[in-house]
Amino acid sequence: MFSNLPPVTKALLIANGLVFVLQLIIGDVALAQFMLWPPHGDADLYGVGFMPWQVVTYGFMHGGFAHLLFNMLALAMFGAPLEHVWGDRRYLTYYMVCIVGAALCQLAVGFWTVSQGEPAYPTVGASGGIFGLLLAYGMLFPNQRVMLLIPPVPMKARTLVIVYGAIELLLGVTNTMPGVAHFAHLGGMLFGWLLIRYWRGQPPFGRKGPPKMRVVR
């Protein structure tokens with residue numbers, strides 16, 4: 001299966017795996033400057049704060065093996081078909097836009113939480129990009145049936161996107177699982193949706209209303 005993956009998906013899998021091995025070898029403290037930190041935080045955990053490169057580098061780090069495993073399974077499952085349709089350049093552009101978009105949303109949430117007196121915690125993980133891929137898969141293959149791992153329930157890709165989006169919004173608003181960056185996940189989906197609409201020339205980027213028609217006499 002790995003040998004049949006398209007090149008960008010394979011490269012992303014390798015990069016995430018190598019970074020995780022590096023985390024295990026030298027420790028998270030040594031790599032803390034590559035995590036995504038809230039702006040204007042007191043940086044009292046690892047002694048670092050926000051730096052611009054973190055909006056990209058955080059997306060290649062993970063908080064544990066299970067975190068890495070589920071993200072990489074989703075990357076292979078949803079990313080490979082998208083790369084086959086879009087090609088490697090557009091696919092990589094989309095993925096990185098989702099990673100950065102998720103970071104921007106998380107920074108906004110982090111700025112608010114720090115301003116409320118809460119401690120500054122970093123964010124790591126490719127989940128923002130993965131949720132962007134999930135949204136794109138649901139838009140390009142809405143009727144394709146997929147099987148959830150937990151619980152093992154088959155459903156259409158479009159339904160899966162709606163369910164996951166609603167769950168993330170609910171958990172984020174209610175702060176039910178504070179250790180998970182729910183708004184980063186939603187940010188990846190939002191920026192992915194905007195980019196697809198930009199490529200398609202749809203509002204708010206393209207024309208509004210039906211296209212003009214030329215009358216042939």
Note on the range 1-27: residues at pLDDT below 90 and either farther than 23 Å from MET96 by Cβ or not in a helix (DSSP H, G or I) (or both) are MET1, SER3, ASN4
I'd like to know if the range 162-175 contains one or more residues that are of a type in the set (S, T, N, Q), loosely packed, with under 13 Cβ neighbours inside 10 Å and at pLDDT below 80. yes
How about the range 40-62: which of its residues are of a type in the set (Gly, Ala, Ser) and modelled with pLDDT of 90 or more? GLY59
Looking only at the range 126-143, which residues are part of a helix (DSSP H, G or I) and of a type in the set (S, T, N, Q)? SER127
Evaluate the range 95-109: report whether one residue or more is of a type in the set (Val, Ile, Thr), without any contact (Cβ under 8 Å) to a residue 60 or more places away in the chain and part of a helix (DSSP H, G or I). no
Can MET72 be described as touching a helix residue (DSSP H, G or I) at 6+ places or on another chain (Cβ under 8 Å), in a loop (DSSP other than H, G, I, E, B) and modelled with pLDDT of 90 or more? no
Among the residues of the range 118-125, is any over 23 Å from GLY27 (Cβ atoms), at pLDDT 90 or above and part of a loop (DSSP other than H, G, I, E, B)? no
Consider ALA30 against the criteria (1) at pLDDT below 80; (2) surrounded by fewer than 17 Cβ atoms within 10 Å (Cβ to Cβ): it satisfies all of them except one. Which criterion is unmet? (1)
Consider the range 184-217. How many of its residues are in a loop (DSSP other than H, G, I, E, B) and at pLDDT 80 or above? 5
The one condition in (1) over 11 Å from the mean Cα position of the chain (by Cα); (2) closer than 20 Å to ALA32 by Cα; (3) at pLDDT below 80 that ALA181 fails to fulfil: (1)
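The values are calculated or read from the model by the stated rules, or taken from the named source; none is laboratory data. Because the structure is a prediction, the values reported are computed rather than measured. Neighbour counts are summed over all protein chains in view; Cβ atoms, including those assigned to glycine, are modelled from backbone coordinates with ideal geometry.
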